[in-house]
Amino acid sequence: MHIFDQYFLMNTDDVTHYVKAKIESFEYAQNITCKEIGDGNLNYVYRVVNTDTNESVIVKQAGTTARISDEFVLSTSRNKIETEALQLQHMLAAGLVPEIYLLDETMSCCIMEDLSHLTIMRTALLNFETFPHFAEHITDFMVNTLLRTSDVVLDHKDKKELVRKFINPELCEISEDLVFTEPFHNNFNRNEVTPGNEDFVQENLYVNKELHLEVAKLKFHFMNNTQSLVHGDLHTGSIFIDQDDTKIIDPEFAFFGPMGYDIGNIMANLIFAWARGNAYQEKEFTEWVEHTLFDVMDLFETKFSQVWDEYATEVVTKNEEFKEHYFNDVLKDTAGMAGLELSRRIVGLAKVKDITTIEPIENRLKAERLCLRVAETLILNSTDFRYGGHYLTALQNAQQEEKK
Ligand code: SR1
Ligand code: MG
(Lines give C-alpha, C1' and ligand atoms only; values in the text may rest on other atoms or scores of the structure.)
(Ligands and ions follow the chains in the order given, each with its own letter.)
Protein backbone atom coordinates (compact mmCIF):
# COMPACT_ATOMS: atom_id res chain seq x y z
CA MET A 1 0.00 0.00 0.00
CA HIS A 2 1.31 3.45 -0.97
CA ILE A 3 2.13 5.99 1.67
CA PHE A 4 2.07 8.75 -0.91
CA ASP A 5 5.53 10.08 -0.01
CA GLN A 6 6.71 10.21 -3.61
CA TYR A 7 4.93 11.47 -6.73
CA PHE A 8 3.26 8.99 -9.07
CA LEU A 9 0.21 9.33 -11.30
CA MET A 10 -2.70 7.79 -9.41
CA ASN A 11 -5.47 5.56 -10.74
CA THR A 12 -8.94 5.24 -9.19
CA ASP A 13 -7.81 2.62 -6.63
CA ASP A 14 -4.88 4.78 -5.57
CA VAL A 15 -7.13 7.81 -5.24
CA THR A 16 -9.54 5.83 -3.05
CA HIS A 17 -6.66 4.90 -0.72
CA TYR A 18 -5.37 8.43 -0.90
CA VAL A 19 -8.63 9.97 0.30
CA LYS A 20 -8.89 7.38 3.10
CA ALA A 21 -5.37 8.33 4.18
CA LYS A 22 -5.84 12.08 3.96
CA ILE A 23 -9.43 12.85 4.93
CA GLU A 24 -10.33 11.83 8.45
CA SER A 25 -14.02 11.21 7.80
CA PHE A 26 -13.15 8.74 5.00
CA GLU A 27 -10.62 6.75 7.06
CA TYR A 28 -12.96 3.94 8.10
CA ALA A 29 -15.45 4.28 5.24
CA GLN A 30 -16.54 0.84 3.99
CA ASN A 31 -18.17 1.77 0.72
CA ILE A 32 -16.36 4.25 -1.45
CA THR A 33 -16.76 4.93 -5.16
CA CYS A 34 -14.14 6.74 -7.19
CA LYS A 35 -14.56 7.88 -10.77
CA GLU A 36 -12.33 9.91 -13.08
CA ILE A 37 -14.54 12.76 -14.31
CA GLY A 38 -12.04 15.20 -15.84
CA ASP A 39 -12.83 16.56 -19.26
CA GLY A 40 -10.25 19.35 -19.40
CA ASN A 41 -7.12 19.39 -21.53
CA LEU A 42 -4.51 19.08 -18.79
CA ASN A 43 -5.24 17.23 -15.53
CA TYR A 44 -6.97 14.25 -13.92
CA VAL A 45 -10.04 14.82 -11.77
CA TYR A 46 -11.60 12.19 -9.51
CA ARG A 47 -14.89 12.23 -7.65
CA VAL A 48 -14.74 10.18 -4.48
CA VAL A 49 -17.96 9.35 -2.63
CA ASN A 50 -18.57 7.62 0.69
CA THR A 51 -21.80 5.93 -0.40
CA ASP A 52 -22.87 5.25 3.20
CA THR A 53 -22.86 8.91 4.20
CA ASN A 54 -23.04 10.55 0.76
CA GLU A 55 -19.99 12.64 1.66
CA SER A 56 -17.95 13.42 -1.43
CA VAL A 57 -14.73 15.20 -2.42
CA ILE A 58 -12.83 15.97 -5.59
CA VAL A 59 -9.18 15.04 -6.09
CA LYS A 60 -7.35 16.85 -8.87
CA GLN A 61 -3.89 15.67 -9.88
CA ALA A 62 -1.43 17.03 -12.42
CA GLY A 63 0.30 14.55 -14.76
CA THR A 64 3.69 15.10 -16.36
CA THR A 65 2.16 15.82 -19.76
CA ALA A 66 -1.08 17.45 -20.82
CA ARG A 67 -4.06 15.14 -21.32
CA ILE A 68 -4.79 16.65 -24.70
CA SER A 69 -1.33 15.75 -26.09
CA ASP A 70 2.01 14.36 -24.87
CA GLU A 71 3.61 17.17 -26.85
CA PHE A 72 3.02 19.40 -23.82
CA VAL A 73 5.52 18.26 -21.16
CA LEU A 74 4.74 20.16 -17.98
CA SER A 75 5.94 20.39 -14.41
CA THR A 76 3.47 18.81 -12.01
CA SER A 77 4.06 21.76 -9.67
CA ARG A 78 1.36 23.56 -11.67
CA ASN A 79 -1.10 22.01 -9.22
CA LYS A 80 0.41 24.12 -6.41
CA ILE A 81 -0.11 27.31 -8.46
CA GLU A 82 -3.69 26.32 -9.24
CA THR A 83 -4.50 25.43 -5.63
CA GLU A 84 -2.92 28.56 -4.20
CA ALA A 85 -4.76 30.67 -6.77
CA LEU A 86 -8.03 29.01 -5.71
CA GLN A 87 -7.24 29.74 -2.06
CA LEU A 88 -6.56 33.40 -2.77
CA GLN A 89 -9.60 33.74 -5.04
CA HIS A 90 -11.72 32.08 -2.35
CA MET A 91 -10.64 34.79 0.10
CA LEU A 92 -11.42 37.58 -2.36
CA ALA A 93 -14.62 36.19 -3.87
CA ALA A 94 -16.15 33.95 -1.21
CA GLY A 95 -18.95 31.72 -2.43
CA LEU A 96 -17.77 31.85 -6.04
CA VAL A 97 -14.82 29.45 -5.76
CA PRO A 98 -14.63 25.87 -4.38
CA GLU A 99 -13.19 25.31 -0.93
CA ILE A 100 -9.79 23.64 -0.77
CA TYR A 101 -9.39 20.90 1.86
CA LEU A 102 -5.78 19.90 1.17
CA LEU A 103 -2.81 20.88 -1.00
CA ASP A 104 -0.29 18.06 -1.44
CA GLU A 105 2.89 19.29 -3.09
CA THR A 106 4.46 15.81 -3.07
CA MET A 107 1.64 14.16 -5.00
CA SER A 108 0.96 17.35 -7.02
CA CYS A 109 -2.70 17.16 -6.20
CA CYS A 110 -5.35 18.84 -4.12
CA ILE A 111 -8.57 17.74 -2.46
CA MET A 112 -11.47 20.13 -2.78
CA GLU A 113 -15.19 20.66 -2.43
CA ASP A 114 -17.33 18.53 -4.73
CA LEU A 115 -19.43 20.73 -7.00
CA SER A 116 -21.05 17.90 -8.95
CA HIS A 117 -24.53 19.16 -8.08
CA LEU A 118 -23.75 21.97 -10.55
CA THR A 119 -23.21 21.69 -14.32
CA ILE A 120 -20.26 22.84 -16.38
CA MET A 121 -21.59 26.02 -17.94
CA ARG A 122 -20.46 25.18 -21.49
CA THR A 123 -22.38 21.88 -21.34
CA ALA A 124 -25.52 23.70 -20.22
CA LEU A 125 -25.09 26.36 -22.90
CA LEU A 126 -24.87 23.62 -25.54
CA ASN A 127 -28.45 22.80 -24.52
CA PHE A 128 -29.42 26.49 -24.64
CA GLU A 129 -29.94 26.78 -20.88
CA THR A 130 -29.90 30.29 -19.46
CA PHE A 131 -28.66 31.57 -16.09
CA PRO A 132 -30.22 34.68 -14.54
CA HIS A 133 -27.44 35.36 -12.02
CA PHE A 134 -24.41 34.67 -14.20
CA ALA A 135 -23.57 38.29 -15.06
CA GLU A 136 -23.91 39.32 -11.42
CA HIS A 137 -21.72 36.47 -10.17
CA ILE A 138 -18.99 36.58 -12.81
CA THR A 139 -18.57 40.35 -12.43
CA ASP A 140 -18.32 39.94 -8.63
CA PHE A 141 -15.62 37.32 -9.20
CA MET A 142 -13.68 39.34 -11.76
CA VAL A 143 -13.76 42.71 -10.03
CA ASN A 144 -12.76 41.27 -6.66
CA THR A 145 -10.06 38.89 -7.85
CA LEU A 146 -8.61 41.29 -10.43
CA LEU A 147 -8.77 44.78 -8.98
CA ARG A 148 -7.95 43.64 -5.45
CA THR A 149 -4.76 41.89 -6.58
CA SER A 150 -3.56 44.98 -8.47
CA ASP A 151 -1.31 47.84 -7.37
CA VAL A 152 -4.44 49.96 -7.02
CA VAL A 153 -5.27 48.05 -3.84
CA LEU A 154 -2.27 46.00 -2.67
CA ASP A 155 0.83 47.27 -0.96
CA HIS A 156 3.34 47.27 -3.85
CA LYS A 157 5.91 45.10 -2.08
CA ASP A 158 3.25 42.54 -1.14
CA LYS A 159 2.01 42.55 -4.69
CA LYS A 160 5.52 41.97 -6.08
CA GLU A 161 5.83 39.01 -3.72
CA LEU A 162 2.63 37.61 -5.20
CA VAL A 163 3.90 38.22 -8.72
CA ARG A 164 6.94 36.12 -7.80
CA LYS A 165 4.81 33.40 -6.22
CA PHE A 166 2.56 33.12 -9.25
CA ILE A 167 5.26 33.09 -11.91
CA ASN A 168 3.82 30.39 -14.18
CA PRO A 169 6.17 30.18 -17.18
CA GLU A 170 5.11 26.82 -18.62
CA LEU A 171 1.40 27.49 -18.66
CA CYS A 172 1.98 31.06 -19.86
CA GLU A 173 4.04 29.63 -22.71
CA ILE A 174 1.07 27.48 -23.74
CA SER A 175 -1.10 30.60 -23.94
CA GLU A 176 1.61 32.63 -25.66
CA ASP A 177 1.80 29.92 -28.34
CA LEU A 178 -1.80 28.75 -28.63
CA VAL A 179 -3.55 32.09 -28.15
CA PHE A 180 -1.15 34.75 -29.41
CA THR A 181 1.01 33.14 -32.09
CA GLU A 182 -0.20 29.93 -33.74
CA PRO A 183 -3.69 31.11 -34.77
CA PHE A 184 -2.07 33.77 -36.96
CA HIS A 185 1.15 32.06 -38.08
CA ASN A 186 0.53 28.30 -37.77
CA ASN A 187 4.23 28.15 -36.87
CA PHE A 188 4.05 24.68 -35.25
CA ASN A 189 1.66 23.35 -37.87
CA ARG A 190 -0.82 22.46 -35.13
CA ASN A 191 -3.77 24.52 -36.31
CA GLU A 192 -6.87 22.61 -37.33
CA VAL A 193 -8.81 24.63 -39.88
CA THR A 194 -12.22 23.21 -40.74
CA PRO A 195 -12.24 22.08 -44.40
CA GLY A 196 -14.19 24.70 -46.31
CA ASN A 197 -12.75 27.66 -44.38
CA GLU A 198 -9.11 27.36 -45.48
CA ASP A 199 -9.20 30.29 -47.91
CA PHE A 200 -11.01 32.49 -45.39
CA VAL A 201 -8.40 31.71 -42.71
CA GLN A 202 -5.53 32.22 -45.12
CA GLU A 203 -6.76 35.65 -46.14
CA ASN A 204 -8.11 36.92 -42.83
CA LEU A 205 -5.58 35.46 -40.38
CA TYR A 206 -2.41 34.13 -42.00
CA VAL A 207 -1.58 37.00 -44.37
CA ASN A 208 -3.32 39.82 -42.51
CA LYS A 209 -0.37 42.11 -41.69
CA GLU A 210 -2.49 44.76 -40.00
CA LEU A 211 -3.91 42.10 -37.67
CA HIS A 212 -0.45 40.60 -37.03
CA LEU A 213 0.80 43.94 -35.74
CA GLU A 214 -2.05 44.38 -33.24
CA VAL A 215 -1.73 40.75 -32.10
CA ALA A 216 2.02 41.24 -31.56
CA LYS A 217 1.26 44.25 -29.33
CA LEU A 218 -1.30 42.21 -27.36
CA LYS A 219 1.16 39.33 -26.94
CA PHE A 220 3.84 41.59 -25.47
CA HIS A 221 1.23 43.25 -23.28
CA PHE A 222 0.19 39.81 -21.98
CA MET A 223 3.81 38.91 -21.23
CA ASN A 224 4.89 42.22 -19.72
CA ASN A 225 1.99 43.76 -17.81
CA THR A 226 1.82 42.24 -14.32
CA GLN A 227 -1.41 44.08 -13.54
CA SER A 228 -3.44 41.50 -11.56
CA LEU A 229 -3.69 37.85 -10.62
CA VAL A 230 -5.67 36.69 -13.64
CA HIS A 231 -7.45 33.33 -13.76
CA GLY A 232 -5.80 32.82 -17.13
CA ASP A 233 -8.34 30.44 -18.70
CA LEU A 234 -11.71 31.92 -17.79
CA HIS A 235 -13.94 30.21 -20.34
CA THR A 236 -17.36 28.60 -19.79
CA GLY A 237 -15.69 25.19 -19.30
CA SER A 238 -14.03 26.64 -16.17
CA ILE A 239 -17.36 27.52 -14.57
CA PHE A 240 -19.82 25.35 -12.64
CA ILE A 241 -23.34 26.76 -12.57
CA ASP A 242 -27.04 26.30 -11.84
CA GLN A 243 -29.96 28.68 -11.46
CA ASP A 244 -28.68 29.93 -8.09
CA ASP A 245 -24.95 29.41 -7.89
CA THR A 246 -21.82 30.02 -9.92
CA LYS A 247 -18.40 28.59 -9.02
CA ILE A 248 -15.21 29.35 -10.88
CA ILE A 249 -12.69 26.51 -11.10
CA ASP A 250 -9.43 25.54 -12.84
CA PRO A 251 -7.11 28.55 -12.48
CA GLU A 252 -4.02 26.52 -13.45
CA PHE A 253 -3.05 29.25 -15.93
CA ALA A 254 -3.14 31.91 -13.19
CA PHE A 255 -0.36 34.50 -13.25
CA PHE A 256 0.01 38.26 -12.97
CA GLY A 257 -1.15 39.63 -16.29
CA PRO A 258 -3.60 42.12 -17.78
CA MET A 259 -7.08 41.87 -16.25
CA GLY A 260 -8.63 42.30 -19.70
CA TYR A 261 -7.46 38.77 -20.48
CA ASP A 262 -10.07 37.28 -18.13
CA ILE A 263 -12.88 39.68 -19.05
CA GLY A 264 -12.16 39.19 -22.76
CA ASN A 265 -12.32 35.41 -22.34
CA ILE A 266 -15.77 35.70 -20.77
CA MET A 267 -17.03 37.97 -23.57
CA ALA A 268 -15.60 35.67 -26.27
CA ASN A 269 -17.11 32.54 -24.78
CA LEU A 270 -20.51 34.25 -24.54
CA ILE A 271 -20.10 35.06 -28.23
CA PHE A 272 -19.45 31.34 -28.99
CA ALA A 273 -22.69 30.55 -27.17
CA TRP A 274 -24.49 33.25 -29.17
CA ALA A 275 -23.09 31.93 -32.47
CA ARG A 276 -24.38 28.44 -31.64
CA GLY A 277 -27.80 29.76 -30.59
CA ASN A 278 -27.93 31.79 -33.77
CA ALA A 279 -27.05 28.73 -35.89
CA TYR A 280 -29.98 26.83 -34.35
CA GLN A 281 -32.27 29.90 -34.37
CA GLU A 282 -32.75 29.69 -30.60
CA LYS A 283 -34.06 33.24 -30.24
CA GLU A 284 -34.83 33.20 -26.53
CA PHE A 285 -31.34 31.90 -25.86
CA THR A 286 -29.54 34.42 -28.10
CA GLU A 287 -31.52 37.21 -26.46
CA TRP A 288 -30.39 36.03 -23.05
CA VAL A 289 -26.77 35.97 -24.26
CA GLU A 290 -27.18 39.50 -25.64
CA HIS A 291 -28.53 40.74 -22.30
CA THR A 292 -25.66 38.99 -20.57
CA LEU A 293 -23.09 40.65 -22.83
CA PHE A 294 -24.64 44.00 -21.88
CA ASP A 295 -24.88 43.17 -18.18
CA VAL A 296 -21.33 41.85 -17.87
CA MET A 297 -19.91 45.09 -19.26
CA ASP A 298 -22.25 47.36 -17.27
CA LEU A 299 -21.96 45.52 -13.98
CA PHE A 300 -18.20 45.24 -14.34
CA GLU A 301 -17.97 49.02 -14.76
CA THR A 302 -20.21 49.79 -11.78
CA LYS A 303 -18.50 47.31 -9.47
CA PHE A 304 -15.04 48.28 -10.65
CA SER A 305 -15.76 51.85 -9.60
CA GLN A 306 -17.21 50.75 -6.23
CA VAL A 307 -14.33 48.41 -5.40
CA TRP A 308 -11.83 51.05 -6.49
CA ASP A 309 -13.44 53.65 -4.20
CA GLU A 310 -13.69 51.24 -1.29
CA TYR A 311 -10.34 49.46 -1.46
CA ALA A 312 -7.79 51.64 -3.30
CA THR A 313 -4.79 52.38 -1.10
CA GLU A 314 -2.33 53.91 -3.57
CA VAL A 315 -2.31 57.72 -3.21
CA VAL A 316 -2.34 58.53 -6.94
CA THR A 317 -5.50 56.50 -7.50
CA LYS A 318 -7.58 59.10 -5.65
CA ASN A 319 -7.92 60.88 -8.94
CA GLU A 320 -11.09 60.39 -11.01
CA GLU A 321 -9.31 61.08 -14.31
CA PHE A 322 -6.68 58.45 -13.58
CA LYS A 323 -9.41 55.97 -12.64
CA GLU A 324 -11.11 56.66 -15.98
CA HIS A 325 -7.80 56.30 -17.85
CA TYR A 326 -7.04 52.99 -16.10
CA PHE A 327 -10.53 51.65 -16.76
CA ASN A 328 -10.38 52.59 -20.45
CA ASP A 329 -7.16 50.62 -20.79
CA VAL A 330 -8.87 47.61 -19.19
CA LEU A 331 -11.73 47.87 -21.71
CA LYS A 332 -9.31 48.11 -24.63
CA ASP A 333 -7.46 45.00 -23.42
CA THR A 334 -10.78 43.23 -22.93
CA ALA A 335 -11.77 43.72 -26.56
CA GLY A 336 -8.38 42.69 -27.94
CA MET A 337 -8.16 39.61 -25.74
CA ALA A 338 -11.74 38.62 -26.64
CA GLY A 339 -10.69 38.76 -30.29
CA LEU A 340 -7.75 36.47 -29.60
CA GLU A 341 -9.86 33.89 -27.77
CA LEU A 342 -12.39 33.95 -30.61
CA SER A 343 -9.65 33.36 -33.18
CA ARG A 344 -7.70 30.66 -31.40
CA ARG A 345 -10.72 28.50 -30.53
CA ILE A 346 -11.75 28.46 -34.19
CA VAL A 347 -8.42 27.69 -35.89
CA GLY A 348 -6.22 26.42 -33.05
CA LEU A 349 -5.89 23.00 -31.55
CA ALA A 350 -8.02 23.60 -28.43
CA LYS A 351 -11.52 24.14 -29.75
CA VAL A 352 -14.93 24.75 -28.14
CA LYS A 353 -17.90 22.42 -28.43
CA ASP A 354 -20.31 25.34 -28.88
CA ILE A 355 -18.94 25.61 -32.42
CA THR A 356 -17.57 22.14 -33.25
CA THR A 357 -20.92 20.45 -32.64
CA ILE A 358 -22.93 22.73 -34.96
CA GLU A 359 -24.56 20.77 -37.75
CA PRO A 360 -24.83 20.66 -40.68
CA ILE A 361 -21.23 21.54 -41.52
CA GLU A 362 -22.23 24.59 -43.64
CA ASN A 363 -23.71 26.18 -40.52
CA ARG A 364 -20.57 25.42 -38.51
CA LEU A 365 -18.46 27.02 -41.24
CA LYS A 366 -20.70 30.10 -41.15
CA ALA A 367 -20.52 30.31 -37.35
CA GLU A 368 -16.72 30.03 -37.53
CA ARG A 369 -16.48 32.86 -40.06
CA LEU A 370 -18.82 34.95 -37.90
CA CYS A 371 -16.52 34.50 -34.89
CA LEU A 372 -13.42 35.28 -36.94
CA ARG A 373 -14.97 38.44 -38.39
CA VAL A 374 -15.95 39.67 -34.92
CA ALA A 375 -12.46 38.75 -33.69
CA GLU A 376 -10.77 40.88 -36.34
CA THR A 377 -12.97 43.87 -35.54
CA LEU A 378 -12.29 43.50 -31.82
CA ILE A 379 -8.54 43.31 -32.29
CA LEU A 380 -8.23 46.09 -34.86
CA ASN A 381 -10.69 48.49 -33.20
CA SER A 382 -10.26 47.61 -29.55
CA THR A 383 -10.71 51.20 -28.32
CA ASP A 384 -14.28 51.28 -29.72
CA PHE A 385 -15.62 48.57 -27.36
CA ARG A 386 -16.92 50.18 -24.22
CA TYR A 387 -20.38 48.64 -23.75
CA GLY A 388 -22.09 45.34 -24.46
CA GLY A 389 -23.95 47.10 -27.27
CA HIS A 390 -20.68 47.57 -29.13
CA TYR A 391 -20.08 43.81 -29.02
CA LEU A 392 -23.61 43.16 -30.25
CA THR A 393 -23.17 45.60 -33.13
CA ALA A 394 -19.97 43.80 -34.13
CA LEU A 395 -21.91 40.51 -34.15
CA GLN A 396 -24.69 41.99 -36.25
CA ASN A 397 -22.22 43.55 -38.70
CA ALA A 398 -20.39 40.24 -39.04
CA GLN A 399 -23.70 38.54 -39.81
CA GLN A 400 -24.44 41.09 -42.52
CA GLU A 401 -20.99 40.49 -44.04
CA GLU A 402 -21.71 36.77 -44.21
CA LYS A 403 -24.93 37.42 -46.11
CA LYS A 404 -23.17 39.45 -48.85
C1 SR1 B 1 -2.49 22.25 -23.95
S2 SR1 B 1 -3.77 22.99 -23.13
C3 SR1 B 1 -4.83 23.63 -24.33
C4 SR1 B 1 -5.82 24.59 -23.81
O5 SR1 B 1 -6.60 23.99 -22.80
C6 SR1 B 1 -6.68 24.81 -21.66
O7 SR1 B 1 -7.97 24.81 -21.14
C8 SR1 B 1 -6.25 26.18 -22.12
O9 SR1 B 1 -7.33 26.89 -22.68
C10 SR1 B 1 -5.24 25.83 -23.15
O11 SR1 B 1 -4.97 26.87 -24.06
MG1 MG C 1 -8.91 24.23 -17.60
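The values are calculated or read from the model by the stated rules, or taken from the named source; none is laboratory data. This structure is a prediction, so every number in the text was calculated from the model and none was measured. Backbone-built Cβ (ideal geometry, glycine too); neighbour counts: all protein chains shown. Side chains are part of the model used for accessible areas, which takes the heavy atoms of the whole protein and leaves out ligands, DNA and RNA. Shrake-Rupley method; radii C 1.70, N 1.55, O 1.52, S 1.80 Å.
Per-structure values
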read-out	value
Answer residue from the stretch 223-248, given it is surrounded by 24 or more Cβ atoms within 10 Å (Cβ to Cβ) and hydrophobic (A, V, I, L, M, F, W, C) and is nearest to ligand 1 (Cβ to nearest atom) among those	L234
The stretch 167-185, subset away from ligand 2 (no atom under 16 Å from the Cβ) and touching a residue at least 12 places away in the same chain (Cβ under 8 Å), residue nearest to S75 (Cα to Cα)	I167
Strands (runs of 3 or more DSSP E) wholly inside the stretch 22-64 containing at least 1 residues that are of a type outside the set (D, E, K, R), over 20 Å from E99 (Cβ atoms) and away from ligand 1 (no atom under 16 Å from the Cβ)	32-36
Checklist (1) in a loop (DSSP other than H, G, I, E, B); (2) surrounded by 21 or more Cβ atoms within 10 Å (Cβ to Cβ) applied to N269, failing item	(1)
Whichever residue in the stretch 60-74 is away from ligand 2 (no atom under 16 Å from the Cβ) and in contact with a strand residue (DSSP E or B) (Cβ under 9 Å, 6 or more places away or on another chain) and, among such residues, is modelled with the lowest pLDDT	E71
Any hit, the stretch 356-374, residues being within 16 Å of ligand 1 (Cβ to nearest atom), in contact with a Gly (Cβ under 8 Å, 6 or more places away or on another chain) and in contact (Cβ under 8 Å) with a residue 12 or more places away in the chain	no
Conditions (1) within 16 Å of ligand 2 (Cβ to nearest atom); (2) open to solvent by 20 Å² or more (accessible area, probe 1.4 Å): number failed by A350	(2)
Residue in the stretch 97-109 that is of a type in the set (S, T, N, Q) and without any contact (Cβ under 8 Å) to a residue 40 or more places away in the chain present	no
Candidate set from the stretch 249-264 (those that are within 17 Å of L340 (Cα to Cα) and of a type outside the set (A, V, I, L, M)); member that is surrounded by the most Cβ atoms within 10 Å (Cβ to Cβ)	Y261
Any hit, the stretch 76-90, residues being in a loop (DSSP other than H, G, I, E, B) and either without any contact (Cβ under 8 Å) to a residue 12 or more places away in the chain or on the phi < 0 side of the Ramachandran plot (or both)	yes
The stretch 184-222, subset among the charged types (D, E, K, R) and more than 16 Å from ligand 1 (Cβ to nearest atom), residue surrounded by the most Cβ atoms within 10 Å (Cβ to Cβ)	E214
Number of the condition not met by G232 [criteria: (1) touching a helix residue (DSSP H, G or I) at 6+ places or on another chain (Cβ under 6 Å); (2) of a type outside the set (S, T, N, Q); (3) at positive phi]	(1)
Complete set of residues in the stretch 126-163 that are on the phi > 0 side of the Ramachandran plot and either open to solvent by 50 Å² or more (accessible area, probe 1.4 Å) or small (G, A, S) (or both)	none
Some residue of the stretch 145-156 being in contact with a helix residue (DSSP H, G or I) (Cβ under 9 Å, 6 or more places away or on another chain), part of a helix (DSSP H, G or I) and charged (D, E, K, R)	no
Candidates G260, G196, G232, filtered to the one that is within 16 Å of ligand 2 (Cβ to nearest atom) and either in contact (Cβ under 8 Å) with a residue 60 or more places away in the chain or not hydrophobic (A, V, I, L, M, F, W, C) (or both)	G232
Single unsatisfied condition, T317 versus (1) without any contact (Cβ under 8 Å) to a residue 24 or more places away in the chain; (2) under 18 Å from N225 (Cβ atoms)	(1)
Residue satisfying condition, being in a loop (DSSP other than H, G, I, E, B), within 24 Å of the chain's Cα centre (by Cα) and of a type in the set (V, I, T), within set I358, I379	I358
